[in-house]
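The block underneath contains the structure these notes are about, expressed in structure tokens.
The values are calculated or read from the model by the stated rules, or taken from the named source; none is laboratory data. All values derive from a computational prediction rather than experimental measurement. Because the Cβ atoms are built from the backbone with ideal geometry, glycine has one as well, and the counts that use them run over all protein chains shown. Note: accessible area is taken over every heavy atom of the protein model, side chains too, but ligands, DNA and RNA are not part of it. Shrake-Rupley method; radii C 1.70, N 1.55, O 1.52, S 1.80 Å.
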Amino acid sequence: ILRNGAVKFRQAYSRFFQKLGGRPKIKKKSGRQAVWITDELFQFVPLTDKTGEIASYQLSLGTKKFPVGVIPYVAHRPHAIPSSIHIAVEGGRWWLSFAAEDPTVTIPGKDGDAATERIAEDLRHLAADQLAERTLGGDRGIAKPLMTSNGRCFDLLPIQKARIRKTRRQRKRWQRRAARRQKGSKNQQKAYRKVARYHQYEKNVRYEYAHQTSHALVVNAAYDLYVFEDLPIQPMTKRPKAKKDAAGHFLPNGRAAKAGLNRAILGSAWGEVVTFTRYKALRHHKLVITVPPQHSSQECAECTFTAPDNRPSQAAFVCQRCGH
């Protein structure tokens, strides 16, 4: 375990020195705790059914001299035996995750580029009007997280929004309670577990929405090409820089308003929807592309005339050239 932790430590700093990531930070005890375990410390024990075929596995953790025990887990699909696993705990819940080869899944970056090129080559043989009929565009926003070109709106359910608002209030309440309790005590740990559970609910709802939305887009047989704006989500959600006057005093910089906008952007699952749609589309021999977002809301879909006057309001569009 110590050796694996040292390897992860060295890998993190190697990425930092190569400018592939930020400087590693010391994790808090109240957050997600994870450990990387290699195959000399675990064993997947196969369980057979009445026919003698392998129905599932049991995870036996530890060595023969120092056994830890058997960990039950739910396998979402048949899998090969991995060479390493990750076990994590967050908010009082335990997670087992690992990677294994699956010949039925296209791996982006490995053979995903070749699969994408094959799909694009098939779409190039279509005429312009045929390609337009087989293309679905998606516009991501704040009031409506996703609006497609066929007039369908994807958003969280009203009950989900109400529960998220409630969990946010409860999370702030338990954060204040945890701050008032003795540092490092059992009661403070219980309070932080409450905070993590409330945060986990919002995260689960957002991932469920992204999975259901991407599935609904991909299974629609009327479309083979999906187009989204290439939005730079990470720069869009950065904190505003501090402003100072000549005397060195801080000036208002809209930090509170920007924090609310960032929360709304991240809560709309813009990135997850496109990421999930991309890999699910490859499974259905479909393609997802992104286009530059500059002036896309001012461009006419009929004559491609672009002008700020084409948008008299947020909900209205009137082309100043062709009247579309």
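General remarks:
- Among beta bridges that DSSP assigns inside the range 112-293, antiparallel share in %, nearest 5: 40 percent
- With all protein chains in place and ligands, DNA and RNA left out, the 1.4 Å accessible area ranks Arg283, Arg278, Arg10 as Arg10, Arg283, Arg278, largest first.
- Based on Cα contacts under 8 Å between residues 6+ apart, the range 1-98 shows a relative contact order of 24 percent.
- Counting only residues at least eight positions apart within a chain, or on another chain, the lysines with an alpha carbon under 22 Å from that of Lys244 are Lys258.
- With the simple spin-label model, which puts each label point 7 Å out from Cα in the Cβ direction, the Gln175 to Arg23 separation comes to 2.4 nm.
- Computed E for Asn204/His285 - FRET, C-beta separation, R0 25 angstrom, nearest 0.05: 0.25
- Per residue, the chain exposes 71 Å² of accessible surface when a 1.4 Å probe is rolled over the protein heavy atoms with every protein chain present.
- Computed with a 1.4 Å probe on the full set of protein chains, the accessible area for Lys28 sits at about 150 Å².
- Listed residue pairs exceeding 25 Å between alpha carbons, taken from Lys203/Lys238; Lys29/Lys203; Lys8/Lys183; Lys65/Lys194; Lys27/Lys190: Lys8/Lys183; Lys65/Lys194
- Debye log10 I(q)/I(0) at q = 0.12, 0.16, 0.18 Å⁻¹ for the range 246-324, Cα point scatterers: -0.67, -0.92, -0.97
- As a calculated quantity, the FRET efficiency between Ala216 and Ser297 at R0 = 25 Å, using C-beta atoms, amounts to about 0.55.
- Carbon and sulfur %, accessible surface of the chain computed with the full protein complex present, 1.4 Å: 55 percent
- Peptides 19-27, 148-156 ranked from most to least packed, by the mean per-residue count of other Cβ atoms within 10 Å: 148-156, 19-27.
- Scalar couplings 3J(HN,Hα) for the range 250-255, obtained by applying the Karplus form with A = 6.51, B = -1.76, C = 1.60 to θ = phi - 60°, are 6, 9, x, 10, x, 5 Hz; x denotes Gly and Pro.
- Rg/Rh for the chain, where both radii come from Cα atoms and Rh is the Kirkwood radius: 1.02
- Pairwise Cα distances in the range 190-253 exceed 14 Å for 78 percent of all pairs.
- For the range 112-293, the Cα gyration tensor yields ellipsoid semi-axes of 40, 22, 15 Å (square root of five times each eigenvalue, largest first, whole Å).
- Relative contact order of the chain, taken over Cα pairs closer than 8 Å and 6 or more residues apart, is 13 percent.
- Rounded to 5, percent antiparallel among DSSP beta bridges of the chain: 75 percent
- In a simple Cβ point-charge model (Lys, Arg +1; Asp, Glu -1; nothing else charged), the range 112-293 has a dipole of about 2700 debye relative to its Cα centre.
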